[in-house]
Amino acid sequence: MGRILNLERKMAIYETNRLFGSIGGVLLYAIGVNLFIVPQGLYTGGVMGLCQVIRTVLVEYMKLPIHNFDIAGLIYYIVNIPLFILAMKKLGRIFFAKTVICVTAMSFFLFIVYVPSIPIMDDKLASCLIGGILCGAGIGICLKMGSSDGGTDILGVLLIHWKKDFSVGKVTLAVNVVLYLICLFLFDVETVIYSLIYASVSAFAVDKVYSQNINVEVNIITKHACEEMEQEIFSKLERGITKWQALGAYTDNSAEVLYMVISKYEVGRMKNIIRKYDPNAFIVINEGVNVSGNFLKKL
């Protein structure tokens, strides 16, 4: 019992550290947006970009008296609420809870990080590059820590459950097409071009920090497989298991083989669950496998 409590404590510390890492990522994103992108009158893309357009319409066209802070974060949070409700049962409890916390933190940071009235850098291209790197790295860190910044990520996961050939990338592309057409109609070609440059740099930075859906094949050979272990994998990872009986050729002892395909960012949680029930389990992991069929894509 003491060993199990110790493993559970380690798992809680592990997830807490990842949560703080995610919050650090969204802070980096907020700094990139408010210091480099917003002062240049540019738009970040995705659902946040649409929220920034709404912000611009409210402030500049409807003369809402708001200066030196960005209400786009508040609008973004409001837009995410119905997505949270729809996705509550689709994302998994830990991922869902961390995503709610990260979206809340992002909205808060976007609200409090000071927006300079005069751009820090006169060169728009330099602002696009620096802002794109900071924002992309921030989002990548958030995703790598097992969280999400909401918006198109949640929408993409919901659509994947509805139609398997959807992806978060396709959803983001569709939203961006709509966004930049709106920008072209409301603003000018220059704003659209520089916003596209930012979006490209940001996407590149995200890919460098985080690669989506890197699947790993896991074989677990254990002599202590039990229903409790399997149920914990089902509930905490939401992954299926294929199992069969095995016989050690050298020891002539019987064992059980559990087979799974998971994301590489789920490996830490998977190992903690297995070690909780069998510290001596033999775990083999193969990276970069191609999967087709009934496999749940996650962020």
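The values are calculated or read from the model by the stated rules, or taken from the named source; none is laboratory data. Bear in mind that the values here come from a model prediction, so they are computed numbers and not experimental data. Every residue, glycine as well, gets a Cβ built from its backbone with ideal geometry; the counts of neighbours run over all protein chains shown.
Computed quantities for the displayed model
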{"item": "Among (1) closer than 29 Å to ASP149 by Cα; (2) modelled with pLDDT of 85 or more; (3) of a type in the set (Val, Ile, Thr) - the single one VAL257 does not satisfy", "result": "(1)"}
{"item": "Subset of the stretch 280-299 (residues that are within 18 Å of GLU232 (Cα to Cα) and modelled with pLDDT under 85)", "result": "LEU296"}
{"item": "Close pairs from the stretch 130-152: first part of a helix (DSSP H, G or I), partner polar (S, T, N, Q) and surrounded by fewer than 24 Cβ atoms within 10 Å (Cβ to Cβ), Cβ under 6 Å, at least 6 apart", "result": "THR152/THR172"}
{"item": "Complete set of residues in the stretch 60-84 that are surrounded by fewer than 12 Cβ atoms within 10 Å (Cβ to Cβ), assigned to a helix (DSSP H, G or I) and either modelled with pLDDT under 80 or small (Gly, Ala, Ser) (or both)", "result": "GLU60, TYR61"}
{"item": "Test: residue in the stretch 223-236 that is assigned by TED's automatic domain parsing to the domain that holds THR44, of a type in the set (Gly, Ala, Ser) and either at pLDDT 85 or above or part of a helix (DSSP H, G or I) (or both)", "result": "no"}
{"item": "Unmet criterion (only one of (1) surrounded by 20 or more Cβ atoms within 10 Å (Cβ to Cβ); (2) modelled with pLDDT of 75 or more) for THR172", "result": "(2)"}
{"item": "ILE274 assigned to a helix (DSSP H, G or I), at pLDDT 85 or above and not assigned by TED's automatic domain parsing to the domain that holds LEU19", "result": "yes"}
{"item": "Matching residues in the stretch 241-266 - criterion: being part of a loop (DSSP other than H, G, I, E, B) and free of Cβ contacts under 8 Å to residues at least 24 places away in the same chain", "result": "ILE241, GLY248, ALA249, TYR250, THR251, ASP252"}
{"item": "Restricting the stretch 209-261 to residues that are of a type in the set (Ser, Thr, Tyr) and farther than 30 Å from THR152 by Cα, the residue that is surrounded by the fewest Cβ atoms within 10 Å (Cβ to Cβ)", "result": "TYR250"}
{"item": "Options SER195, SER211: the member that is within 30 Å of LEU125 (Cβ to Cβ) and at pLDDT 85 or above", "result": "SER195"}
{"item": "Conditions (1) in a helix (DSSP H, G or I); (2) in contact with a helix residue (DSSP H, G or I) (Cβ under 7 Å, 6 or more places away or on another chain); (3) at pLDDT below 85: number failed by GLY24", "result": "(3)"}
{"item": "Matching residues in the stretch 31-59 - criterion: being crowded, with 24+ Cβ neighbours inside 10 Å, in a helix (DSSP H, G or I) and in contact with a Cys (Cβ under 9 Å, 6 or more places away or on another chain)", "result": "GLY32, VAL33, PHE36, ILE37, GLY49"}
